[in-house]
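The values are calculated or read from the model by the stated rules, or taken from the named source; none is laboratory data. Keep in mind that what you see is a predicted model, and the values were worked out from it rather than measured. Cβ sites come from the backbone with ideal geometry, for glycine too, and all protein chains shown count toward neighbours. These accessible areas exclude ligands, DNA and RNA; they are computed on the full protein's heavy atoms, side chains included. Shrake-Rupley method; radii C 1.70, N 1.55, O 1.52, S 1.80 Å.
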Amino acid sequence: MALALEDVTLKAGRATLLKGVSLAVEPGRVTAVLGPNGAGKSTALSVLAGDLKPQGGRVVIEGRDMAAMSKSELARVRAVVGQHAAMSFPLTAYEVVALGAHPFAGPERDDIVEESMAAMDVLHLAGRDYPTLSGGERQRIQIARALVQLRPAARDGARRYLLMDEPTAHLDLKHKILALECARAFADAGGGVLCILHDLGLAQEFSDEIVLLKAGAVFSDGSSGNRLTGETISALFEIPVWRSRSLLASL
């Protein structure tokens, strides 16, 4: 069972954003998605999340067609961390994280919120107004919110999936590693993770599978240990082979 795109095609006007894309997010695994700008990475994640409807193919989650699921059902089994963490509402950091518990209820809610904030090193920001936080602090708050959203699902045995679009983009080195350690721990506990990354080293370090997208199609996929060769990076990003090999040597 998995969360998967099956031969998905998505168009916007005359542009084809995804061309017959198939990929799966497996429970217990971290899948990293890499590719150049405009490759379709964020679009694929939005389709997986149920935010965009494809013109062709389908999205399945645990064997069910996602199109037949309600928003409430989806909220219980998948959480999304987007690229941009802006929010204009005058909420505190704690209140934003607690939004993740909205689909659920129970006496342990406060404990779950605090544990998730501590995991992302933002508990000390609990009383701060969210709009006053830095970009990196807001991103960590959003990851904590997603962890809160999925935590109760873990306890009732449901499969759950964490989808993150460039979660490390605004983070310093310490918190990049912390964010991916949280994703890795989530997968090790039985969840499925899809993470869009631009850092090749972090992708190799924390993922089990790597999917490479280019021009809206799957360029290559497979285990993380053998995806990022010099020749593959050169072809994917259209850079000289010697540059890609030098990059790999520095990882």
Q.
Let me confirm something: among Pro90, Pro54, which residue is modelled with pLDDT of 95 or more and open to solvent by 30 Å² or more (accessible area, probe 1.4 Å)?
A. Pro54
Q: Being crowded, with 23+ Cβ neighbours inside 10 Å and not in a helix (DSSP H, G or I) is the filter here, so list the residues in the range 115-143 that pass it.
A: Met120, Val122
Q: State yes or no: is Ala105 assigned to a loop (DSSP other than H, G, I, E, B), open to solvent by 60 Å² or more (accessible area, probe 1.4 Å) and modelled with pLDDT under 95?
A: yes
Q | Residue count, the range 148-182 (criterion: at pLDDT 95 or above and in contact with a Phe, Trp or Tyr (Cβ under 7 Å, 6 or more places away or on another chain)) | A | 2
Q: Only residues that are closer than 23 Å to Glu238 by Cα and open to solvent by less than 10 Å² (accessible area, probe 1.4 Å): list them for the range 185-210, please.
A: Cys195, Ile196, Leu197, Ala203, Ile210
Q) Going through the range 11-29 one residue at a time, which ones are in contact (Cβ under 8 Å) with a residue 40 or more places away in the chain and open to solvent by 10 Å² or more (accessible area, probe 1.4 Å)? A) Lys11, Thr16, Leu17, Lys19, Gly20, Ser22, Leu23, Glu26, Pro27, Gly28, Arg29
